[in-house]
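Scroll down for the structure; my scribbles are underneath it.
What follows is calculated from the coordinates using simple rules that are stated; it is not laboratory data. Because the structure is a prediction, the values reported are computed rather than measured. Heads up, the Cβs are rebuilt from the backbone with ideal geometry, glycines too, and the neighbour counts pull from every protein chain shown.
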Amino acid sequence: MRGTADDSKANIHLKGGFSERNGIVSLSKVIQDKSLNLRTINRLYNLLSDLIQQSFSACTRVKYKGQDVHNLNCLVVHIYTDLMSMKVDDLPIQRHSGAGLWLNTQKVESDLHSILEFGSLSETFDLIEGVAQHLSSSYGTNHPRLHQFYTREINRLFEEESVTFTLLNGQIIPNVSPEEKIDIEQALDRKDTSSIHLSNALKFLYDREDPQYGNSIKESISSVEAAYRKLTGQKDISVADGITHLKRNGFYIHPALEKSINALFGYASDRSAVRHAAKYGEPIVNQAEARFALVWCAALINYIQTFQS
């Protein structure tokens, strides 16, 4: 079981409250980056339980072996068959005399609580991500209100419980500043080729099992190139040509900013393992570089967008 002996019951904790201000609760007890305490686990359970209840009216109904089942929907099936890797036969279906088949919602909630209480941190995060991705997928519910509610409440919970992660674009990533998050989310909301590249960059950067920093930078750079192509209508256009196009059409770009944009793309073209094979003896691309490229390129996409307004 995750936690320690003094974690056997939920503790009172007010963020910034008396215990924190007076040093009674140590920082290691407040900041959660390696594991989650029981209070946070219980709050996650409450949130997921509420989400399941809301999904009964919002999500696509699903049949069980050709039969209608009260409250059975695609989100519940996704949790059991895709995230828990169970058989369809393992779905908690029960028959009520004279009332047909029903989903055993108490069993669903019990199974979710077991995962949260006894699973590892990575399993908990996989569950949170899996639910978020299903809510936003075209195959799943595609219900914007429920997806927005879930993302907002997960991030509010993480902030209040000092969990050092954030849910962004269906992925749990290390905390970014509010300004960085706004830039990334705004660029992702474009729903075009540039946002696809930026989403890939995010996945490569924060893949917990196999992060690929070079590919992340490559995708970040490609997202800006795609934004330039959309702006100019030209299929093959370099960043430098894109800037020239803007200037020819009367847009002002400060020379220092123009130089910094060209320098970043020159770096990406020359850096080992980004757009060509790694150079012998050159340090490997690291997370800090990839994160900088992601945030910088997201901001640049939003800047380019202003020329289309």
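In terms of its alpha-carbon gyration tensor, the chain comes out prolate; a/c meets the 1.5 threshold, and the first ratio a/b outweighs b/c. Listed by chain and number, the aspartates and glutamates placed with their C-alpha closer than 20 angstrom to that of residue 65 are 82, 89, 90; residues fewer than eight positions away on the same chain are left out. Taking every C-alpha pair closer than 8 Å and separated by at least 6 residues, the mean separation divided by the residue count of the chain gives a relative contact order of 14 percent.
Taking every DSSP beta bridge with both residues inside the chain, roughly what % is antiparallel (nearest 5)? Of the beta bridges lying entirely in the chain, close to 75 percent run antiparallel.
Once the Cα atoms of helix 144-160 and of the chain are each reduced to a long axis, what angle between those two axes, in degrees from 0 to 90 to the nearest 10, is obtained? Rounded to the nearest ten degrees, it is 90.
Among 75, 101, 91, the order by Cβ neighbours within 10 angstrom, fewest to most, reads 101, 91, 75. Between residue 163 and 32, the built amide H atoms are under 5 Å apart, and every one of these is 5 or more places off in sequence or on another chain. Per-residue Cβ neighbour counts within 10 Å put 296, 102 in the sequence 102, 296, beginning with the fewest. Overall, the chain carries a charge dipole of about 520 debye about its Cα centre when +1 sits on the Cβ of Lys and Arg and -1 on the Cβ of Asp and Glu, all other atoms neutral.
Couplings for segment 237-247, taken from phi via the Karplus curve 6.51 cos²θ - 1.76 cosθ + 1.60 with θ = phi - 60°, read 9, 7, 4, 4, 5, x, 5, 4, 4, 5, 5 Hz in order; Gly and Pro are left as x. Annotation: amide H-H contacts under 5 Å for residue 137 (H modelled 1.01 Å from N, sequence separation of 5 or more, or interchain): 142. Of the residues 188, 198, 231, the one that moves most in a GNM of the chain with alpha-carbon contacts below 10 Å is 231.
So which aspartates and glutamates can residue 191 reach, going by Cα to Cα under 16 Å and dropping same-chain residues fewer than 8 places off? Leaving aside aspartates and glutamates fewer than 8 places away in the same chain, those within reach of residue 191 are 183, 219, 225. Pairs exceeding 29 Å between alpha-carbon atoms, taken from 34/203; 181/259; 87/181; 181/230; 218/247; 230/259: 87/181. What is the diffusion coefficient of segment 5-165 in µm²/s, taking the Kirkwood radius over Cα pairs and the Stokes-Einstein relation at 20 °C with a viscosity of 1.002 mPa s? For these conditions, the coefficient is 124 µm²/s.
Among residues other than residue 134 with Cβ under 13 Å from its Cβ, the summed charge is -3 (Lys and Arg +1, Asp and Glu -1).
According to the calculation over all Cα-Cα pairs in segment 178-306, the P(r) per 10 Å bin from zero is 13, 44, 33, 9, 1 %. Taking amide H atoms as placed 1.01 Å from N in the peptide plane, the amide H of residue 69 lies under 5 Å from those of 64, each 5 or more residues away in sequence or on another chain.
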